[in-house]
1. Failed condition for Val5, given (1) free of Cβ contacts under 8 Å to residues at least 24 places away in the same chain; (2) β-branched (Val, Ile, Thr); (3) within 20 Å of Thr104 (Cβ to Cβ), with all others met?
2. Can you tell me which residue among Ser56, Ser79 is out of contact with any Phe, Trp or Tyr (no Cβ under 6 Å at 6 or more places or on another chain) and free of Cβ contacts under 8 Å to residues at least 12 places away in the same chain?
3. From the set of residues in region 67-117 that are basic (Lys, Arg) and within 14 Å of Ala12 (Cα to Cα), which is surrounded by the fewest Cβ atoms within 10 Å (Cβ to Cβ)?
4. Return the residues of region 120-139 that are under 14 Å from the mean Cα position of the chain (by Cα) and among the aliphatic types (A, V, I, L, M); say none if nothing qualifies.
5. Which condition does Ser140 not pass, out of (1) outside any loop (DSSP other than H, G, I, E, B); (2) at negative phi; (3) out of contact with any helix residue (DSSP H, G or I) (no Cβ under 8 Å at 6 or more places or on another chain), if it passes all the others?
6. If you check Val84, Val109, Val125, which single one turns out to be out of contact with any helix residue (DSSP H, G or I) (no Cβ under 9 Å at 6 or more places or on another chain) and either at negative phi or of a type outside the set (D, E, K, R) (or both)?
7. Given the structure, is Glu70 modelled with pLDDT under 95 and out of contact with any strand residue (DSSP E or B) (no Cβ under 6 Å at 6 or more places or on another chain)?
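The values are calculated or read from the model by the stated rules, or taken from the named source; none is laboratory data. All values reported here derive from a predicted model rather than from experimental measurement. Ideal geometry is used to build each Cβ from the backbone, glycine not excepted, and the neighbour counts take in all protein chains shown.
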Amino acid sequence: MSKLVLTNAYVAIGGVDISEFVTGISISTSYDIFETTQIDDFSKKYVPGLAENKISIDFLQDFDPTDGLEKIINNTVGSLLGTVQSMEIRPLNAGVSSSNPKYTFLVVVSEWTSISASIGELSTVSVNWPISGDITKSIS
């Protein structure tokens with residue numbers, strides 16, 4: 001069984017490759033859970049409800065006025081903040097295959113911190129954006 005060390009992932013938002021700014025990424029799914037235990041049950045019973053999908057991304061901040069991260073998020077055709085955008089994630093920045101699946105979805109760009117650092121530290125930004133709808137996984 002092979003292992004993957006994430007060193008060259010592909011991350012795009014609205015068709016723009018932002019991979020060079022990403023230091024960490026996580027796509028997660030959780031379900032609302034409803035209890036259905038009846039009076040004569042000896043153990044609790046549950047059923048799943050709707051799924052909630054989220055993406056968490058850690059970025060290196062870059063204020064380059066021509067192609068920096070701040071320009072992409074805040075100045076590309078207005079602002080991505082407060083909009084729904086398409087995203088594509090691949091573990092490797094290479095062609096889609098069974099060992100390099102493509103995850104696509106719509107993300108709500110719901111938060112942004114323009115600067116987050118202390119004196120002498122690297123400026124980074126972390127976001128947790130809700131995914132609107134389902135996540136599609138493709139291998140071709």
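1. In the conditions (1) free of Cβ contacts under 8 Å to residues at least 24 places away in the same chain; (2) β-branched (Val, Ile, Thr); (3) within 20 Å of Thr104 (Cβ to Cβ), Val5 misses (3) alone.
2. Working: Ser56 fails: free of Cβ contacts under 8 Å to residues at least 12 places away in the same chain.
None of the other options fit; the residue is Ser79.
3. Taking region 67-117 first, the residues basic (Lys, Arg) are 71, 90, 102.
Retained after the next criterion (residues that are within 14 Å of Ala12 (Cα to Cα)): 90, 102.
Details: Arg90: 21, Lys102: 17.
Here the residue is Lys102.
4. Scanning region 120-139 gives Val125, Val127, Ile131, Ile135.
5. Ser140 satisfies all of (1) outside any loop (DSSP other than H, G, I, E, B); (2) at negative phi; (3) out of contact with any helix residue (DSSP H, G or I) (no Cβ under 8 Å at 6 or more places or on another chain) except (1).
6. Numbers: Val109 fails: out of contact with any helix residue (DSSP H, G or I) (no Cβ under 9 Å at 6 or more places or on another chain); Val125 fails: out of contact with any helix residue (DSSP H, G or I) (no Cβ under 9 Å at 6 or more places or on another chain).
One residue alone meets the criteria, Val84.
7. Working: modelled with pLDDT under 95: yes; out of contact with any strand residue (DSSP E or B) (no Cβ under 6 Å at 6 or more places or on another chain): yes.
Yes.
Rundown of residues vs (1) surrounded by 14 or more Cβ atoms within 10 Å (Cβ to Cβ); (2) under 22 Å from Asn128 (Cα atoms); (3) out of contact with any Pro (no Cβ under 7 Å at 6 or more places or on another chain), yes/no style:
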| site | (1), (2), (3) |
| --- | --- |
| Lys3 | no, no, yes |
| Asn8 | no, yes, yes |
| Lys44 | no, no, yes |
| Lys54 | yes, yes, no |
